[in-house]
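The values are calculated or read from the model by the stated rules, or taken from the named source; none is laboratory data. From a predicted model like this one, the values you see are computed outputs, not experimental measurements. Backbone-built Cβ (ideal geometry, glycine too); neighbour counts: all protein chains shown. With ligands, DNA and RNA removed, areas are computed over all heavy atoms of the protein, side chains included. Shrake-Rupley method; radii C 1.70, N 1.55, O 1.52, S 1.80 Å.
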Amino acid sequence: MNALPVSKDASAARTHVRREKTAWQKIKRHWQFYLLILLPLANLLIFKYIPMLGVVMAFKDYNVIKGIWGSSWAGFKYFDLFFHNPYFGILLKNTLGISLYHLLVGFPGPIILALALNEIRNGVFKRTVQLVSYAPYFISTVIMVSIIMIALSPTTGILKSVMQALGMEMPNVLGDPAYFKSIYVWSDLWQNVGYGAVIYLAALSGIDPHLYEAAKVDGASRFQKMLNVDLPGILPTATILLILNVGNIMQIGFEKIYLLQNPLNANASEVISTYVYKMGLLDSNFSFGAAVGLFNSFVNLILLLIVNFIAKRISSNSLW
């Protein structure tokens with residue numbers, strides 16, 4: 001007797017049931033791993049995704065009593081106020097200026113240090129350099145700013161004592177807007193270059209040793225090995241980090257800039273993140289602060305998409 005034909009819907013239903021059983025069996029078998037990621041996932045949802053609902057505040061005349069959803073709609077009122085604000089050009093100039101300066105100095109710095117450390121054959125000296133360069137990463141932002149102020153103080157600073165010994169005058173670098181970008185960028189490089197180098201050293205350790213042997217057989221010098229073996233080996237890692245850095249180019253460090261600010265250098269140190277804090281929280285203009293913050297995030301997203309697209313077309317390395 002011939003078997004009755006099975007309909008496509010019934011077959012699809014059985015396949016779906018089998019997949020559900022298989023997925024449930026995998027969860028039961030590896031429940032410890034799912035439990036392990038439960039807290040990080042909850043943290044991501046609660047503190048990253050759910051607060052995104054509050055972005056609607058940028059389009060409303062927010063009233064503390066009525067709340068976000070009870071406040072009246074304002075449309076693009078606060079975006080228009082920000083774009084026509086006399087400080088808009090200054091804020092954008094300072095934010096992009098510090099960010100690009102930081103990218104030009106901070107991105108190649110860890111690569112150069114990692115390549116140099118990779119060429120060191122003395123183990124004790126290599127570990128010492130790694131320790132000295134990596135240690136500042138664990139210094140908090142407040143302590144780092146305190147160190148900068150103590151070192152660069154125009155009255156009692158270490159730099160003042162050195163310059164006096166050389167017969168030179170000590171300028172007020174903390175109060176001069178012309179020095180602010182350099183102080184921020186180079187102190188940040190000192191603090192983070194060791195941590196960044198660790199990432200590239202890990203990438204260098206994954207390069208096939210046969211490539212070095214082949215380069216040695218071909219008579220390549222150490223510098224040629226660096227150019228033709230090391231750099232191509234860390235290129236995927238460098239590309240991903242570059243994309244992430246450009247994607248955060250408008251989110252230049254708020255804490256450090258805010259702590260280094262003073263009335264004398266405000267023209268060069270006022271960036272979008274500090275302006276949002278002052279207008280949104282200190283002045284209680286929450287809707288305006290939310291609008292400025294949303295604009296900042298939107299620019300970051302556009303830059304991230306553009307750089308990711310360019311990197312994918314040029315090197316086939318990208319975030320997605």
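Name the pairs whose Cβ atoms lie under 8 Å apart, with the first residue in the range 67-85 and closer than 16 Å to L53 by Cβ and open to solvent by 80 Å² or more (accessible area, probe 1.4 Å), the second not in a helix (DSSP H, G or I) and not hydroxyl-bearing (S, T, Y), and 6 or more positions between them or separate chains?
Hits for this filter: W73/K60; W73/D61.
Scan the range 262-301 residue by residue and report those that are open to solvent by 20 Å² or more (accessible area, probe 1.4 Å), free of Cβ contacts under 8 Å to residues at least 40 places away in the same chain and of a type in the set (V, I, T).
Passing the criteria: only V276.
Give me the helices (runs of 4 or more DSSP H) completely within the range 25-117, filtered to those with at least 3 residues that are of a type in the set (F, W, Y), ordered by residue number.
The qualifying helices (runs of 4 or more DSSP H) are 31-44, 77-83.
So how many residues does the range 262-306 have that are farther than 21 Å from M52 by Cβ, part of a helix (DSSP H, G or I) and under 21 Å from the mean Cα position of the chain (by Cα)?
So the count comes out to 4.
Determine which member of the set Y179, Y137 is open to solvent by 50 Å² or more (accessible area, probe 1.4 Å), at pLDDT 90 or above and in contact with a Phe, Trp or Tyr (Cβ under 9 Å, 6 or more places away or on another chain).
Among Y179, Y137, only Y137 is open to solvent by 50 Å² or more (accessible area, probe 1.4 Å), at pLDDT 90 or above and in contact with a Phe, Trp or Tyr (Cβ under 9 Å, 6 or more places away or on another chain).
Out of (1) part of a helix (DSSP H, G or I); (2) closer than 15 Å to E119 by Cα, what's the single condition that is false for V185?
(2)
Does the range 225-232 contain at least one residue that is in contact (Cβ under 8 Å) with a residue 40 or more places away in the chain, open to solvent by 50 Å² or more (accessible area, probe 1.4 Å) and either in contact with a strand residue (DSSP E or B) (Cβ under 9 Å, 6 or more places away or on another chain) or of a type outside the set (A, V, I, L, M) (or both)?
Among the residues of the range 225-232, not one is in contact (Cβ under 8 Å) with a residue 40 or more places away in the chain, open to solvent by 50 Å² or more (accessible area, probe 1.4 Å) and either in contact with a strand residue (DSSP E or B) (Cβ under 9 Å, 6 or more places away or on another chain) or of a type outside the set (A, V, I, L, M) (or both), which makes the answer no.
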